[in-house]
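Working notes, beginning with the structure itself.
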There are 2 protein chains.
Amino acid sequence: MTETPQVTGRHRELLDQVLDKWSLHVLDRLCEGPLRFNGLRRAIPVVTQKSLTAALRRLERNGMVERVVVSTRPVAVEYRITPLGKTLQDLIDALLLWTADNLPDVERARARFDDASAVAGGE
Amino acid sequence: MTETPQVTGRHRELLDQVLDKWSLHVLDRLCEGPLRFNGLRRAIPVVTQKSLTAALRRLERNGMVERVVVSTRPVAVEYRITPLGKTLQDLIDALLLWTADNLPDVERARARFDDASAVAGGE
DNA sequence: CGGCATCCCTGATGATACTG
DNA sequence: CAGTATCATCAGGGATGCCG
């Protein structure tokens with residue numbers, strides 16, 4: 001069995017590369033089926049081309065997505081999730097589920113904190 | 001059951017605040033018991049006081065940790081995880097477990113990618 | 001269509017010094 | 001002990017323009 005997991009540099013680095021801002025969106029979308037570059041852009045309207053390219057490269061390098069070049073007319077490039085990427089799906093879903101379940105509590109906590117800060121601080 | 005979770009701005013923001021570089025370390029440590037400020041610094045040797053302070057404030061604001069001031073001689077401040085923070089423990093463990101299980105595959109993928117890049121690119 | 005190259009700017013982080 | 005304040009750095013991300 002895998003023993004007590006520890007936060008090490010390598011683990012942290014991997015999580016950073018895989019759970020960063022845009023990678024979550026990309027993986028989320030790609031889990032539902034392959035998409036082309038501009039398809040992804042449309043699916044994630046707020047991302048810039050640069051950030052999307054970077055995220056895709058990172059994910060490809062880490063073996064989470066596959067880049068398939070279809071040498072047709074101009075060119076078509078399809079991105080699809082890999083089996084390794086699939087293993088993250090449950091985790092991501094669990095993460096999103098957690099946020100959905102606890103966001104209300106968190107926002108209450110934030111309100112309390114901000115309120116207390118206002119009283120103690122400037123006001 | 002909660003339906004298909006979606007990546008929204010609010011969820012993403014929460015994950016950013018809770019899964020960031022130092023918060024993971026802090027939550028990980030605090031799950032094992034309360035610690036004081038410098039205790040945490042010692043437990044996470046690479047963190048600077050500024051980053052640690054920021055992480056603790058963020059976690060406190062989000063209701064994940066509790067800050068207890070013990071008004072003794074100089075002053076003692078104890079940080080302990082809250083019930084809300086506890087709900088993250090399983091997720092964090094699962095995340096770390098995932099990295100531990102898949103790091104080898106990921107590193108193989110990286111090697112392949114870097115190798116292919118080297119051939120296609122510069123040399 | 002699917003990128004890469006460039007410039008620029010901001011936010012996050014580190015080092016250092018000082019305070020209740 | 002437990003921070004706050006300040007300065008310097010630096011990677012990430014947006015805007016823009018060009019290429020196969």
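Each reported figure results from applying straightforward, stated rules to the coordinates on display, with no laboratory input. Everything numeric in this text was worked out from a predicted model, so none of it was measured. Positions of Cβ are generated from backbone atoms using ideal geometry, with glycine treated the same way; all protein chains shown enter the neighbour counts.
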Taking the condition of being over 30 Å from B:G39 (Cβ atoms) and touching a Ser or Thr at 6+ places or on another chain (Cβ under 8 Å), how many residues in region B:80-105 meet it? 2
For region A:46-68, which positions are within 11 Å of DNA strand D (Cβ to nearest atom) and not basic (K, R)? A:V46, A:V47, A:T48, A:Q49, A:S51, A:L52, A:T53, A:A54, A:A55
Quick check: is even one residue across region B:98-106 part of a strand (DSSP E or B) and surrounded by 15 or more Cβ atoms within 10 Å (Cβ to Cβ)? no
Surrounded by fewer than 14 Cβ atoms within 10 Å (Cβ to Cβ), acidic (D, E), out of contact with any Gly (no Cβ under 7 Å at 6 or more places or on another chain) and free of Cβ contacts under 8 Å to residues at least 24 places away in the same chain: does that describe A:E32? yes
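Out of the residues in region A:4-32 meeting the condition of being over 8 Å from the mean Cα position of the chain (by Cα) and of a type in the set (K, R), tell me which one is farthest from DNA strand C (Cβ to nearest atom).
So, considering only residues that are over 8 Å from the mean Cα position of the chain (by Cα) and of a type in the set (K, R), the one farthest from DNA strand C (Cβ to nearest atom) is A:R10.
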For residues that are among the small types (G, A, S) and in contact (Cβ under 8 Å) with a residue 24 or more places away in the chain, tally how many sit in region A:84-123. 1
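Collect the residues in region B:60-80 that are more than 7 Å from chain A (Cβ to nearest Cβ) and within 18 Å of B:K21 (Cβ to Cβ), keeping them in residue-number order.
Going residue by residue through region B:60-80, those that are more than 7 Å from chain A (Cβ to nearest Cβ) are B:64-80.
Answer for region B:60-80, where residues must be more than 7 Å from chain A (Cβ to nearest Cβ) and within 18 Å of B:K21 (Cβ to Cβ): B:M64, B:V65, B:Y79.
Anything in region B:33-51 that is within 14 Å of chain A (Cβ to nearest Cβ) and either more than 7 Å from DNA strand C (Cβ to nearest atom) or not in a helix (DSSP H, G or I) (or both)? List them, or say none.
B:L40, B:A43, B:I44, B:P45, B:V46, B:V47
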Answer yes or no: is there a residue in region A:14-23 that is within 10 Å of DNA strand D (Cβ to nearest atom), of a type outside the set (A, V, I, L, M) and buried (at least 19 other Cβ atoms within 10 Å of the Cβ). yes
Looking across region A:69-92 at residues that are surrounded by 12 or more Cβ atoms within 10 Å (Cβ to Cβ) and within 15 Å of DNA strand D (Cβ to nearest atom), the single one that is farthest from B:L96 (Cα to Cα) is A:A76
For region B:35-52, enumerate the residues that are among the polar types (S, T, N, Q) and exposed (fewer than 14 other Cβ atoms within 10 Å of the Cβ). B:N38, B:T48, B:Q49
Given the condition surrounded by 14 or more Cβ atoms within 10 Å (Cβ to Cβ), assigned to a helix (DSSP H, G or I) and of a type in the set (A, V, I, L, M, F, W, C), answer yes or no: does some residue in region A:59-67 qualify? yes
Just one of B:V69, B:V65 is over 15 Å from the mean Cα position of the chain (by Cα) and either within 18 Å of B:L14 (Cα to Cα) or free of Cβ contacts under 8 Å to residues at least 24 places away in the same chain (or both); which is it? B:V69
Hey, A:E107 hits all of (1) within 30 Å of B:R61 (Cβ to Cβ); (2) within 15 Å of DNA strand C (Cβ to nearest atom) but one; which does it fall short on? (2)
